[in-house]
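J.: Here you go, one structure.
Just so it is clear, none of the values below were taken in a lab; they were calculated from the coordinates. Computed from a predicted structure; not experimentally measured. Because the Cβ atoms are built from the backbone with ideal geometry, glycine has one as well, and the counts that use them run over all protein chains shown.
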Amino acid sequence: MGNAGSIDASKEEEVDLSGKGLKKITFRNLDNARIVKLGLYNNQLTSLPVEIGRLNGLKWLDLGSNQLTSLPVEFGMLTCLKELDLSNNPLTTPPMEVCNEGITAIRAYFLEHPTESKSDCKSDAKTMHLIPPYLARSLWCVQYLPSVYYVEVL
């Protein structure tokens, strides 16, 4: 697979590309994404594509032992995510102490700091609208529609 991996999000529910030496990943067929478990442990990833936020059924994600310094703000849109491993990454955005608190803390961080993502990946994603920080303490529900990301407060 070399240094880049292309993941067809519509084919499998479980994808494990751990230990492949990947430096970059891309996603294809996101409109029909089926991935619920994604293993990317022990690669050489330095960034994640913003499209990762469109994996709306993702429940388990292992990004441990990579070279990630930041997460894209769209990472906060992984609303189904229950298990997350970011260990052994030199993360600065969000700070590792936030990451250690889990996905809820990461979502809250990006709601309060929406422009701090330093992802260097190109995106075909459309405009993203975030709810104001004072509403972040209530319920976070994101729905992707073809032309724009919408956030609904229920």
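J.: Where Lys and Arg each count +1 and Asp and Glu each count -1, what net charge lies around Asn3 among other residues with Cβ under 14 Å from its Cβ?
T.: +3
J.: A further question follows. For a test of understanding, tell me how many lysine pairs in segment 4-125 have Cα atoms under 20 Å apart, given they are 8 or more places apart or on different chains.
T.: So the count works out to 14.
J.: What would the Debye equation give as log₁₀ I(q)/I(0) for segment 4-125 at q = 0.13 Å⁻¹, counting only Cα atoms as equal point scatterers?
T.: At q = 0.13 Å⁻¹ the computed log10 ratios are -0.44.
J.: Please list 3J(HN,Hα) in residue order for segment 12-28, calculated via the Karplus relation 6.51 cos²θ - 1.76 cosθ + 1.60 where θ = phi - 60°; whole Hz, with x for glycine and proline.
T.: 10, 8, 10, 10, 10, 10, 5, x, 9, x, 5, 9, 8, 10, 9, 10, 10
J.: Right, next: Once the dipole of segment 4-125 is set up with Lys and Arg at +1 and Asp and Glu at -1 on Cβ about the Cα centre, which of Leu17, Pro114, Pro72 lies farthest towards its positive end?
T.: Leu17
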